[in-house]
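Here's the structure we're looking at; comments come further down.
The values are calculated or read from the model by the stated rules, or taken from the named source; none is laboratory data. It should be emphasised that the depicted structure is a prediction, and the values quoted were computed from it without experimental measurement. Cβ coordinates were reconstructed from backbone atoms using ideal geometry, including for glycine residues, and neighbour counts include every protein chain displayed. For the accessible areas, the whole protein counts, side chains as well, though only heavy atoms, and no ligand, DNA or RNA atoms are used. Shrake-Rupley method; radii C 1.70, N 1.55, O 1.52, S 1.80 Å.
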Amino acid sequence: MRFRTLTLTAGALATVLVLAGCAPADGTMPGMDHGSGGMTSTAPSQSAAAFNAADEMFVTMMIPHHQQAIEMADQILAKDGIDERVVSLAEQIKAAQDPEIQTMKGWLQEWGVPYDDSMSGMDGMDMGGGMMSEDDMAALDAATGVEATRLFLNGMIAHHQGAVTMAQSVLTDGQNPDVAALAQQIIDGQTAEITTMQDTLASL
């Protein structure tokens, strides 16, 4: 507890702590409430300091990635005549990804990494991250019925595939154990949803 005042208020300090191999004795993780609480009891020093550039990039890119998925889900949920399987999937995506956004924002605060929702940071992600373009989002917004359903499923499949690729990358290059746990959770959950969406799309 005597090290509690050494909060991570700047990225540079975090880097020093990582390179030095040390961390505050109290490494609790506010916002980490999706099932990995046991990590802090066995390795309390890991959460706050042990992160690297790959962890930071993954979190700062995955937040707006998740935000767009929720926006896509909101668009499809606002429409009439949508397949009930797709409605359930959109609700499931929102229920999973909104808490993950809050968790990741909590990590950035803990790490002393500034983040603003107005920061896009996504210009280069249209290809690698499966992000929908502005035109794609406008088309989804304007579509109705089966057309909207197909646009949503095709867009979300690519979106999920991008997220899985990002998660696999941070498992290889990252350092923070909580980030790795979330990345694996994304891989498992979204891979299953991709299969569901592909099956639904084939049956329309």
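Results for (1) open to solvent by less than 20 Å² (accessible area, probe 1.4 Å); (2) part of a helix (DSSP H, G or I); (3) at pLDDT below 95, shown as yes or no for each residue.
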| position | (1), (2), (3) |
| --- | --- |
| G155 | yes, yes, no |
| H160 | yes, yes, no |
| T165 | no, yes, no |
| T172 | no, yes, no |
| Q175 | no, no, no |
| L182 | yes, yes, no |
| G189 | no, yes, no |
| Q198 | no, yes, no |
Single residue of the range 50-79 satisfying the filter (touching a residue at least 24 places away in the same chain (Cβ under 8 Å) and charged (D, E, K, R)) that is most open to solvent (accessible area, probe 1.4 Å) | E71
Lone qualifier among A138, A96, A142 - being at pLDDT 95 or above, out of contact with any helix residue (DSSP H, G or I) (no Cβ under 9 Å at 6 or more places or on another chain) and over 19 Å from L204 (Cα atoms) | A138
Boolean, E100 is open to solvent by less than 50 Å² (accessible area, probe 1.4 Å) and among the charged types (D, E, K, R) | yes
Out of A48, A54, which single residue is modelled with pLDDT under 95 and either under 21 Å from A183 (Cβ atoms) or of a type outside the set (S, T, N, Q) (or both)?
-> A48
Residue among A139, A143, A202 that is open to solvent by 70 Å² or more (accessible area, probe 1.4 Å), of a type in the set (A, V, I, L, M) and farther than 18 Å from F58 by Cα = A202
